[in-house]
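Enquirer: The structure under discussion is supplied below as C-alpha coordinates; questions concerning it will follow.
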Amino acid sequence: MTESPFPDVRWGSESSIIRKPAIAFAATKPGSWVIRHLAGVDRRLLERTDGRFTILGPIAAPVVLLSTTGCKSGKIRSSPLLYYREDDRLFVVGSNFGQDHHPAWTSNLLKEPRATVAIGGKRIPVTATPVTGAEKIRIYAAFADMVRAYGEYQTRTDRDMRMFALSADAAS
(Lines give C-alpha, C1' and ligand atoms only; values in the text may rest on other atoms or scores of the structure.)
Protein backbone atom coordinates (compact mmCIF):
# COMPACT_ATOMS: atom_id res chain seq x y z
CA MET A 1 0.00 0.00 0.00
CA THR A 2 1.41 3.38 -1.01
CA GLU A 3 1.17 6.47 1.14
CA SER A 4 -1.60 8.77 -0.02
CA PRO A 5 -0.68 12.27 -1.22
CA PHE A 6 -4.02 13.38 0.21
CA PRO A 7 -4.15 14.33 3.92
CA ASP A 8 -6.49 12.13 5.95
CA VAL A 9 -7.89 14.78 8.25
CA ARG A 10 -11.52 15.11 9.17
CA TRP A 11 -12.96 16.91 12.11
CA GLY A 12 -15.81 15.41 14.03
CA SER A 13 -16.23 11.75 14.77
CA GLU A 14 -17.70 8.75 12.98
CA SER A 15 -19.08 7.72 16.39
CA SER A 16 -20.86 11.06 16.90
CA ILE A 17 -24.42 10.64 18.19
CA ILE A 18 -25.66 12.85 15.37
CA ARG A 19 -23.97 10.86 12.57
CA LYS A 20 -26.58 8.10 12.24
CA PRO A 21 -29.66 10.36 12.23
CA ALA A 22 -27.93 12.88 9.94
CA ILE A 23 -27.06 10.17 7.41
CA ALA A 24 -30.59 8.74 7.64
CA PHE A 25 -32.01 12.22 6.99
CA ALA A 26 -29.64 12.73 4.04
CA ALA A 27 -31.08 9.58 2.42
CA THR A 28 -34.56 11.13 2.27
CA LYS A 29 -35.77 13.44 -0.51
CA PRO A 30 -36.20 16.36 1.95
CA GLY A 31 -32.71 15.65 3.32
CA SER A 32 -31.23 15.67 -0.18
CA TRP A 33 -32.98 18.98 -0.87
CA VAL A 34 -31.55 20.54 2.31
CA ILE A 35 -28.01 19.34 1.58
CA ARG A 36 -28.21 20.41 -2.08
CA HIS A 37 -29.29 23.90 -0.98
CA LEU A 38 -26.55 24.12 1.65
CA ALA A 39 -23.87 23.22 -0.91
CA GLY A 40 -23.16 26.91 -1.62
CA VAL A 41 -22.52 27.59 2.06
CA ASP A 42 -20.30 24.52 2.26
CA ARG A 43 -18.43 25.56 -0.90
CA ARG A 44 -17.58 28.96 0.63
CA LEU A 45 -16.48 27.37 3.93
CA LEU A 46 -14.28 24.83 2.12
CA GLU A 47 -12.77 27.53 -0.12
CA ARG A 48 -11.91 29.78 2.81
CA THR A 49 -10.30 26.94 4.79
CA ASP A 50 -8.65 25.01 1.89
CA GLY A 51 -10.81 22.02 2.69
CA ARG A 52 -10.19 21.95 6.45
CA PHE A 53 -13.78 22.62 7.47
CA THR A 54 -17.14 21.55 6.06
CA ILE A 55 -20.70 21.89 7.33
CA LEU A 56 -20.70 18.08 7.40
CA GLY A 57 -17.64 18.07 9.67
CA PRO A 58 -19.38 17.23 12.94
CA ILE A 59 -20.30 13.81 11.50
CA ALA A 60 -16.79 13.25 10.10
CA ALA A 61 -17.99 13.21 6.52
CA PRO A 62 -15.08 12.87 4.08
CA VAL A 63 -15.56 16.02 1.99
CA VAL A 64 -13.32 17.45 -0.70
CA LEU A 65 -13.71 20.66 -2.67
CA LEU A 66 -13.22 19.78 -6.33
CA SER A 67 -12.38 22.66 -8.68
CA THR A 68 -12.83 21.98 -12.39
CA THR A 69 -12.70 24.08 -15.55
CA GLY A 70 -16.19 24.78 -16.90
CA CYS A 71 -16.58 22.98 -20.21
CA LYS A 72 -18.67 25.83 -21.67
CA SER A 73 -17.51 28.91 -19.74
CA GLY A 74 -13.84 28.03 -19.22
CA LYS A 75 -14.20 29.41 -15.68
CA ILE A 76 -13.12 27.57 -12.53
CA ARG A 77 -16.10 25.87 -10.88
CA SER A 78 -15.96 24.35 -7.39
CA SER A 79 -18.13 21.61 -5.95
CA PRO A 80 -18.11 20.15 -2.43
CA LEU A 81 -18.24 16.35 -2.75
CA LEU A 82 -18.05 13.32 -0.53
CA TYR A 83 -15.16 11.08 -1.45
CA TYR A 84 -14.02 7.54 -0.88
CA ARG A 85 -10.28 6.89 -0.57
CA GLU A 86 -8.23 3.88 -1.59
CA ASP A 87 -4.47 4.14 -1.25
CA ASP A 88 -3.32 7.06 -3.41
CA ARG A 89 -6.66 7.77 -5.12
CA LEU A 90 -9.83 9.59 -4.16
CA PHE A 91 -13.10 8.56 -5.77
CA VAL A 92 -16.01 10.91 -6.42
CA VAL A 93 -19.39 10.00 -7.85
CA GLY A 94 -21.80 12.22 -9.77
CA SER A 95 -24.87 11.09 -7.85
CA ASN A 96 -26.48 14.56 -7.98
CA PHE A 97 -28.73 13.35 -5.14
CA GLY A 98 -30.39 10.89 -7.52
CA GLN A 99 -31.61 13.57 -9.94
CA ASP A 100 -32.12 12.63 -13.59
CA HIS A 101 -29.25 14.77 -14.92
CA HIS A 102 -25.52 14.55 -14.44
CA PRO A 103 -23.92 17.23 -12.28
CA ALA A 104 -22.00 19.79 -14.35
CA TRP A 105 -18.66 18.97 -12.72
CA THR A 106 -18.74 15.51 -14.34
CA SER A 107 -19.02 17.02 -17.84
CA ASN A 108 -16.21 19.40 -16.94
CA LEU A 109 -13.94 16.47 -16.02
CA LEU A 110 -14.81 14.58 -19.19
CA LYS A 111 -13.66 17.57 -21.26
CA GLU A 112 -10.71 18.57 -19.04
CA PRO A 113 -9.55 15.90 -16.57
CA ARG A 114 -7.02 18.19 -14.85
CA ALA A 115 -8.53 19.72 -11.70
CA THR A 116 -7.67 20.70 -8.13
CA VAL A 117 -8.91 19.42 -4.80
CA ALA A 118 -8.85 21.27 -1.49
CA ILE A 119 -8.54 18.87 1.41
CA GLY A 120 -7.09 19.15 4.89
CA GLY A 121 -5.70 22.66 4.33
CA LYS A 122 -3.95 21.75 1.07
CA ARG A 123 -4.76 22.40 -2.57
CA ILE A 124 -3.61 19.50 -4.69
CA PRO A 125 -3.60 19.32 -8.52
CA VAL A 126 -5.22 16.09 -9.71
CA THR A 127 -6.07 14.21 -12.86
CA ALA A 128 -9.46 12.53 -13.11
CA THR A 129 -10.01 9.17 -14.76
CA PRO A 130 -13.50 7.77 -15.37
CA VAL A 131 -14.21 4.60 -13.39
CA THR A 132 -16.17 1.88 -15.17
CA GLY A 133 -17.11 -1.78 -15.00
CA ALA A 134 -16.49 -3.98 -11.98
CA GLU A 135 -14.35 -1.35 -10.24
CA LYS A 136 -17.20 1.17 -10.47
CA ILE A 137 -19.68 -1.31 -8.98
CA ARG A 138 -17.27 -2.12 -6.14
CA ILE A 139 -16.48 1.52 -5.35
CA TYR A 140 -20.14 2.56 -5.50
CA ALA A 141 -20.94 -0.18 -2.98
CA ALA A 142 -18.24 1.30 -0.73
CA PHE A 143 -19.91 4.73 -1.04
CA ALA A 144 -23.26 3.20 -0.09
CA ASP A 145 -21.65 1.45 2.91
CA MET A 146 -20.04 4.72 3.98
CA VAL A 147 -23.19 6.84 3.56
CA ARG A 148 -26.39 4.93 2.92
CA ALA A 149 -27.86 7.85 0.95
CA TYR A 150 -25.87 6.63 -2.08
CA GLY A 151 -27.92 3.44 -2.13
CA GLU A 152 -31.06 5.58 -2.10
CA TYR A 153 -29.79 7.83 -4.90
CA GLN A 154 -29.53 4.79 -7.21
CA THR A 155 -33.25 4.10 -6.76
CA ARG A 156 -34.24 7.64 -7.81
CA THR A 157 -32.85 7.61 -11.35
CA ASP A 158 -32.14 5.31 -14.29
CA ARG A 159 -29.11 7.43 -15.16
CA ASP A 160 -25.71 5.73 -15.14
CA MET A 161 -23.93 7.87 -12.54
CA ARG A 162 -20.48 8.97 -13.58
CA MET A 163 -17.59 8.16 -11.26
CA PHE A 164 -14.01 9.38 -11.31
CA ALA A 165 -10.75 8.38 -9.65
CA LEU A 166 -8.66 11.42 -8.71
CA SER A 167 -4.90 10.96 -8.68
CA ALA A 168 -2.47 13.61 -7.48
CA ASP A 169 -0.31 15.00 -10.25
CA ALA A 170 3.34 13.96 -9.99
CA ALA A 171 4.54 17.49 -9.21
CA SER A 172 2.32 17.79 -6.09
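Enquirer: Could you order Ile55, Ile124 by accessible surface area, starting with the largest, using a probe radius of 1.4 Å? Please list the in-between numbers first.
Expert: Numbers: Ile55 65, Ile124 5 Å².
Per-residue accessible area, sorted high to low, gives Ile55, Ile124.
Enquirer: Quickly estimate the mean residue ellipticity at 222 nm for the chain, helices only: each DSSP H run with n ≥ 4 gives -39500 (n - 2.57), and the total goes over all residues, rounded to 500.
Expert: Values: 5 runs with 58 residues, N = 172.
Calculated from helices alone, the mean residue ellipticity at 222 nm is -10500 deg cm²/dmol.
Enquirer: Please turn the phi angles of region 152-157 into ³J(HN,Hα) values with the Karplus equation 6.51 cos²θ - 1.76 cosθ + 1.60 (θ = phi - 60°), one per residue in order, whole Hz, x for glycine and proline.
Expert: Once θ is set to phi - 60°, the couplings for region 152-157 become 5, 4, 4, 7, 8, 8 Hz.
Enquirer: Using the Cα centre as the reference, give the magnitude of the dipole from point charges on the C-beta atoms of region 72-143 (Lys, Arg: +1; Asp, Glu: -1; all else neutral), rounded to the nearest 20 debye. Kindly include the intermediate steps, with their values, before the conclusion.
Expert: Values: 11 positive and 6 negative charges, 68 e Å.
Charge dipole, region 72-143, about its Cα centre: 320 debye, nearest 20.
Enquirer: Given Gln154, Ile119, Phe91, which one lies farthest toward the positive end of the charge dipole of region 83-160, if we put +1 on the Cβ of every Lys and Arg and -1 on the Cβ of every Asp and Glu?
Expert: Ile119
Enquirer: Would you kindly derive the ³J(HN,Hα) couplings of region 123-128 from the backbone phi angles with the Karplus curve 6.51 cos²θ - 1.76 cosθ + 1.60 (θ = phi - 60°), listing them in order in whole Hz, with x for Gly and Pro?
Expert: Values, residue by residue: 10, 10, x, 9, 10, 9 Hz.
Enquirer: Any chance you could list P(r) for region 78-172, counting all Cα-Cα pairs in 10 angstrom bins from zero, rounded to whole %?
Expert: All Cα pairs considered, the percentages come to 16, 51, 30, 4, 0.
Enquirer: I need the phi-derived Karplus couplings for region 112-120: 6.51 cos²θ - 1.76 cosθ + 1.60, θ = phi - 60°, integer Hz, Gly and Pro marked x.
Expert: Once θ is set to phi - 60°, the couplings for region 112-120 become 9, x, 7, 8, 9, 10, 10, 8, x Hz.
Enquirer: Taking the Cα centre of the chain as the origin, how large is its charge dipole in debye, to the nearest 20, when only Lys and Arg (+1) and Asp and Glu (-1) carry charge on their Cβ atoms?
Expert: Working: 24 positive and 17 negative charges, 122 e Å.
I would put it at about 580 debye.
Enquirer: Report, by chain and number, residues whose modeled amide H sits under 5 Å from the one on Gly120, excluding near sequence neighbours (fewer than 5 apart, same chain).
Expert: Placed amide hydrogens put Arg52 under 5 Å from Gly120.
Enquirer: Asp169's amide H: which non-local residues (gap 5+, or another chain) put their own amide H closer than 5 Å, with H modeled 1.01 Å from N in plane and none for Pro or chain starts?
Expert: For Asp169, the qualifying residues are Val126, Thr127.
Enquirer: Still on this structure, I have one more. In square angstrom, what is the accessible area per residue of region 25-106 with a 1.4 angstrom probe?
Expert: Values: 3820 Å² over 82 residues.
That works out to 47 Å² per residue.
Enquirer: Accessible area of the chain with a 1.4 Å probe: how many percent of it is carbon plus sulfur?
Expert: Numbers: 5030 of 9060 Å².
Of the solvent-accessible surface of the chain, carbon and sulfur hold 56 percent.
Enquirer: Still on this structure: Stretched out fully, how many nm does the piece from Lys122 to Lys29 gain, at 0.36 nm a residue minus the Cα gap?
Expert: 30.2 nm
Enquirer: Kindly report the accessible area of region 111-150 per residue (heavy atoms of protein chains, probe 1.4 Å, no ligands, DNA or RNA), in Å².
Expert: Here the per-residue accessible area is 50 Å².
Enquirer: Provide the convex hull volume over Cα atoms per residue for the chain, in Å³. Let's see the in-between values first.
Expert: On the way: hull volume 19.9 nm³, N = 172.
Convex hull volume per residue, Cα atoms: 116 Å³.
The values are calculated or read from the model by the stated rules, or taken from the named source; none is laboratory data. Predicted model, so just to flag it, every value in this text is computed and none were measured. Ideal geometry is used to build each Cβ from the backbone, glycine not excepted, and the neighbour counts take in all protein chains shown. These accessible areas exclude ligands, DNA and RNA; they are computed on the full protein's heavy atoms, side chains included. Shrake-Rupley method; radii C 1.70, N 1.55, O 1.52, S 1.80 Å.
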